[in-house]
Amino acid sequence: MPFYLQKELEIKCIETSNDPEFFSYATHPFSSFLRTHPSIEHLLTSVGGPKTNGFCQRFHQYLSRYIVPEIKQHKADFTDLEQLDAEIQLQVNAYNHKLLPQSAGHFEAYPFFGKSPVEIVQSAIQLN
């Protein structure tokens, strides 16, 4: 969310599954976030359903295929959560900006052929 706020883009809708990472209990951070932002519409979808195709599904595939194995391979190097978080942020940033060869190839089948998530957002900003 901070990325979109920084770009002054209004978030109108969030689509998630009904999995526990979003709704474990009444005080779950995501549920609390939605309650404090009533203007954001929340839609539910099933994992693997037709609505999950696109950026989110591609990111999960990339996460499973490249980021998680890389982190596991170097887990002995992480002595605290801050180091782990910093490494994950570097990996996600590279994915979002298409800096790695494996992420560049990952964008070929998007509805926005050949553009990374950041390039799509930048295009939307320029149109406004």
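The values are calculated or read from the model by the stated rules, or taken from the named source; none is laboratory data. All values reported here derive from a predicted model rather than from experimental measurement. Cβ placement follows ideal geometry from the backbone for every residue including glycine, while neighbour counts extend to all protein chains displayed.
Some observations on this one:
- Within the stretch 74-128, considering residues that are of a type in the set (Gly, Ala, Ser) and modelled with pLDDT of 70 or more, the one farthest from Leu5 (Cα to Cα): Ala76
- Flag if Glu70 is at pLDDT 85 or above, outside the structural domain of Phe3 (by TED's automatic domain parsing) and closer than 20 Å to Phe3 by Cβ: no
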